[in-house]
Amino acid sequence: MTTLDNSRAHELGGHGHHEGSYLTPKGGFWTTVWDWATTVDHKKIGVMYLGAVLFMFFLGGLAALAVRTELLDPVRTIQVAATDAAGKPLLDAEGKQVMKTEIVGQTLARWIPPKDEAKLGTVDYGNQLYNRAFTLHGAIMVFMVIIPSIPASLGNFFIPLMLGAKDVAFPRLNLLSWYIYVTGSIFAVCSILIGGVDTGWTFYTPYSTTTDAEHANVVLMVLGAFILGFSSILTGLNFIVTVHKLRAPGMGWFDMPLFIWAMYSTSIIQVLATPVIGITLLLLVFERMFRIGIFDPSLGGDPVLYQHFFWFYSHPVVYVMILPAFGVISEIIPVHSHKKIFGYRAIAFASLGVALVSFLVWGHHMFASSGELGATVFSALTFLVAIPTAVKVFNWIATLYKGSIALTTPMLYALMFLFLFSIGGLTGLPLGALATDLHLHDSYFVVAHFHYVMMGGTIITFVAGLHHWWPKMFGKMYNQFWANVGAWTVFVGFNLTFFTQFFLGTQGMPRRYASYVSEYQTLHIWSTVGSYVLLLGFLIHLFVFIHSLVAGRKAPANPWGGLTLEWEAESPPIEHNFAHEPIVTHGPYDFETTVPPHWNAKDYPLPHLPANAH
Amino acid sequence: MLKTLTNNMTTTLAEGPTGWWSYGWRWFFQNFGVNHNAIETDRLYMIIFWICVGWFIFLMAIMMYCVVKYRRRPGVPAPYSPSHNTRLELVWTIVPCFFLFYIFLEGFHVYIDKLVAPGDSLQMTLTAKKWDWTITYPNGAASPERTLIGPDSTQFGGINKSPAARPVPIFYMPGDIPVHINMISQDVMHSFWVPDFRVKFDVFPNRYTTYWFQAKLKDAQASNLKDSTGKDVVTAQGEKVPFIDHFIFCAEYCGDQHSEMLGIIRIVPMAYYLAKTEEWNIEGKSPEEIGKLVFQSQGCSACHTVDGSKGAAPTWKDLYLSHQPTNQGSVLADDNYIRESIYTPQAKLVDGYPSNMPVYTSAQIDERRMQGLIAYMKSLSKFASSTPAPADPAAPAPEKK
């Protein structure tokens, strides 16, 4: 167990150059700002990504609340008593009350009145606002929040630390990719400021090539997504090289933490699939601006071609979103149960397997498009993807067996992930089966399904990872009680919001509807109430984090007893991560044979090993 | 699927689904047994549902058991246990495969049923445009009937107390016979979904897709068709007309009024269906009558009114031969202007209205129907009488209002 010395080396003297943490300001305010703006330190870039992603999450969340609020009440025209300017009932010549038609149920239109007088009080105007809100929500959450969330923030911060490296392989490229991300986001925000986009985040042609023809909104938004793609590619490339070249001495491929495996698989998909969406989005911009005729049938193009291109990227990207979440869960569950992960190699290969098969299933987004036999092949391949995913869930649950489970906030979230992701995964089955998909496709069932997977999977895990690594990132503990209260609130709000939508879907509620027939209203009200509870939960987390930064007690270097290398570093880590290059002598999950760094054998008694162990 | 429908549907529920899988189907589907494919879809859905429930409870029970049983006790280490077991891992990889393969096969099987229409189906065509559906019957007629769907509608398809934005088309279809629809869009993509039939297919602007269904019509299931005064509709033979309504939703996002792009499929007896389509056949009708049918069946009435009230587009009352302010200056609304506005609507836009009039082709509105529309507009305009005689001498004398 000589490795314990890695972390202690500089305390005991060692080479003895004492460095401050990476958070220590370099001077006055502007010096510090300049230092952060030009930093090549992966930790600072990770924190900057975290800030940017959380800001975009706030924007996307606002749009989601707008969508849910609009859906509280179906749009309808009613006859109401007309009044004159003084507010008195208006009577006609015979003394009868004059009635006028009024539209009710358009909350957004009440809040944001139209600039154009002619649009006042029309169904179209309220619907346009709604269509912009859901497009905004989808585009921001997918391109600017979920895709970069775990890889760019937690990945940037922890991949080098977990590998025992000083930084990523290409630090300057890393900074560049952050600026590209910010540029892309600015494009998107500009597009919102000049009126927003009403295409849906999928930008399906020929709607997207013809809507708002005289405005630049759609072009700006699509270019924003195009630019964000480069950020994704560069980050992926950087991580692949980092994993290949910068592992600490003694760390073979199968000694890597599973988070690294997941990020490695993610990066491969990002590098291979993102160029396809880049080309597709660029073609879409050309189509709009120069009318070249690739996707628009009125010019001789084919709209289904666009769907194939789009989903060839966007399906693998579903796994760009979920694989990092798998990685985070594979870290949290063993650490907080002090238990070796069950089936390490199965999980690692399942990550790669998912990455591979993810390229072959894009057609399942188009079962209702054509009615071709080709759909059968895509359906079969879709079920194939379920197997490695199911294997992972079994492995995580098996890891809990005979563990020492502490219900810390990250662990609570990890267990909630298992609950929500299981629902998300299982409800994928009726969507993968051809016959049922023809009914459920483009209904609220799909909306509920992908929120269980994307939000219940990725966002919940992102928050879990944030709580897991927060002490390491900022050197402060947070109030666990209130963090747990926040977690339960999020859990209740989430299920209320999205479980109701499964029933809406099977009963026939189509997605992207600004209004609906009143039979669906009860379920919509429950769903909207759930979204407000969800907001409350996230606000609790926000206050817990702010309180932690301001008044949290200092975090120990290894609060949970983790064995991966980042726990050997200080909290927060010094600028070069480790005083000495760490040497790996134990596996990332050898909780039965290793006292965690910074812990002593009295607090962490090792179990008795049977003779046939390992 | 609708509260308003379930009143009519009580007997359907009585002959509801059977089998172990059917427990709980009412949580998901409010209407059952519309046709064979819908029954098969619900059966598959409920089987998948119960498989999922089983797996979910199994997994969560183990998880909760572990969390409680192996909770952390200070000073007590987690006991040793193996972290790998090839036999167990093989089992939990292979067992789910059987479930998945079964679901895939069943899904494929019912899918083929939904895809392939019987050879003796009734052939129709459907045109979708922003934001309306038109179905053309085998004899070339199209349904001019529309209804307002209001959230508070007391009788679906009947009298509405609280109308929504605009009326939606009603398509009469014969019951207990396969109907096969060839679908095409005029602008962007749409998707034709009748939730009660459990099938949707996308509608493209550049290729045909097809849709087929065979809806049940049993007298016991249906209520009787009533006219606008609430009296029973009676056929020439003196029989009441049973009917069942099904909603049509557009399921592919298509813009501002995507959520208002609805329709109704009304299943009626074959004899009544034939009588209706014959009634709407334009053969042997005067141009004005033809124009009125076209006005209602081609979706004009969705935006244009004929009583002078404000709609989403200029009213047709007193439009003919009036002077319209447009973005090309003031224009006399004569025959040629009307023709141009139907075939190339963007050429001149009347001030104060959005440019969302769909383009019609001469295949949809042929010369005869065009003449009909013009004749119909003449009949609505007070300016028409002061003009020279129209080109079509068969047109009736314009009515003064």
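Rule-based calculations on the coordinates, nothing more; no lab input. Because the structure is a prediction, the values reported are computed rather than measured. Cβ: placed from backbone, ideal geometry, glycine included. Neighbour counts: every protein chain shown.
Miscellaneous remarks
- 20 Å cut-off, amide nitrogen to a point 7 angstrom out along residue A:102 Cα→Cβ, residues in region A:57-72: A:70-72
- Where Rh is the Kirkwood radius over Cα pairs, Rg/Rh for the protein assembly as shown: 1.03
- Taking amide hydrogens as placed 1.01 Å from N in the peptide plane, the amide H of residue B:177 sits under 5 Å from those of B:215, each at least 5 positions away in sequence or on another chain.
- Across region A:430-436, coupling constants 3J(HN,Hα) worked out from phi with the 6.51/-1.76/1.60 Karplus curve, θ = phi - 60°, read x, 7, x, 6, 4, 5, 6 Hz, and Gly and Pro carry x.
- Helix A:123-139 and the long axis of chain A differ in direction by around 10°, with both axes built from C-alpha atoms.
- Taking 25 °C and 0.890 mPa s as conditions, region B:287-386 diffuses translationally at an estimated 183 µm²/s according to Stokes-Einstein applied to its Kirkwood radius (Cα pairs).
- Angle between chain A longest axis and helix A:303-337 axis [Cα atoms, degrees, rounded to 10]: 40
- Volume per residue of the convex hull around the Cα atoms, evaluated for region A:440-598, comes out as 160 Å³.
- The equivalent ellipsoid of region A:308-378 has semi-axes of 33, 12, 9 Å, largest first, where each one is the square root of 5 times an eigenvalue of the Cα gyration tensor.
- When the convex hull of its Cα atoms is projected in every direction, mean area for region B:52-112 (nm²): 5.8
- Where Rh is the Kirkwood radius over Cα pairs, Rg/Rh for region A:192-250: 1.30
- Long-range Cα-Cα pairs in region A:179-317 (distance over 24 Å), rounded percent: 40
- Counting only residues at least eight positions apart within a chain, or on another chain, the lysines with an alpha carbon under 26 Å from that of residue B:200 are B:3, B:114, B:129, B:130, B:216, B:218.
- Virtual spin-label span in nm between residue A:172 and residue A:33, 7 Å along Cα→Cβ: 2.5
- Charge tally for residue A:208 (other residues, Cβ to Cβ under 9 Å; Lys, Arg +1; Asp, Glu -1): 0.
- Rg followed by Dmax, in Å, when region B:224-335 is reduced to its Cα trace: 18.7, 57
- Using a Gaussian network model of chain B in which every pair of alpha carbons under 10 angstrom is joined by a spring, one finds that among B:183, B:357, B:261 the greatest mean-square fluctuation is at B:357.
- Cα pair distances in region A:392-446, grouped into 10 Å bins until the bin that holds the longest one, percent each: 21, 38, 22, 16, 4
- Residues A:271, A:453 in ascending order of nearby Cβ atoms (within 10 Å, fewest first): A:271, A:453.
- The label point for residue A:62 and the one for residue A:576, both projected 7 Å from the Cα toward the Cβ, are 4.4 nm apart.
- Fully extended contour minus Cα-Cα distance, from residue B:177 to residue B:98, at 0.36 nm per residue: 24.7 nm
- The label-point distance for residue A:482 and residue A:289, in a model that sets each label 7 Å from Cα toward Cβ, rounds to 4.9 nm.
- Length, then width, then depth: along the principal axes, the Cα atoms of region A:556-614 run 43, 22, 13 Å.
- Secondary structure note: in the protein assembly as shown, about 75% of the DSSP beta bridges are antiparallel.
- Here is the tail figure for region A:73-177: Cα pairs spaced more than 20 Å apart come to 66 percent of all pairs.
- Between helix A:258-290 and chain A there is an angle of about 30 degrees, using the helix long axis and the longest principal axis of the Cα atoms.
- Proximal aspartates and glutamates to residue B:226, defined as alpha-carbon separation beneath 17 angstrom and excluding residues fewer than eight positions away on the same chain: B:145, B:239, B:245
- Helix-only mean residue ellipticity at 222 nm for chain B, each DSSP H run of n ≥ 4 adding -39500 (n - 2.57), per residue, nearest 500: -9500 deg cm²/dmol
- Counting 0.36 nm for each residue step from residue A:553 to residue A:186 and taking away their Cα separation leaves a gain of 128.5 nm.
- Between B:51, B:265, B:94, the residue with the greatest mean-square fluctuation in the GNM of chain B (Cα pairs under 10 Å linked by springs) is B:94.
- Within the listed set B:189, B:64, B:124, the residue fluctuating most in the Gaussian network model of chain B (springs between alpha-carbon atoms under 10 angstrom) is B:64.
- Of the residues A:587, A:486, A:577, the one whose Cα sits farthest towards the positive end of the charge dipole of region A:486-614 is A:486 (charges of +1 on Lys and Arg Cβ, -1 on Asp and Glu Cβ, taken about the Cα centre).
- Couplings 3J(HN,Hα) of region B:103-120, computed from phi: 5, 4, 4, 4, x, 5, 4, 6, 4, 4, 4, 6, 7, 9, 7, x, x, 9 Hz, in residue order, whole Hz [Karplus 6.51 cos²θ - 1.76 cosθ + 1.60, θ = phi - 60°; x for Gly and Pro].
- Under 30 Å of direct C-alpha separation, and excluding same-chain neighbours fewer than eight residues apart, residue A:166 reaches these lysines: A:26, A:43, A:44, A:245, A:339, A:340, A:472, A:476, A:554.
- Shape call, chain B: gyration tensor on alpha carbons, a/c limit 1.5: prolate
- Taking amide H as placed 1.01 Å from N in the peptide plane, the amide H of residue B:191 sits under 5 Å from that of B:203, B:251, B:252, each at least 5 places away or on another chain.
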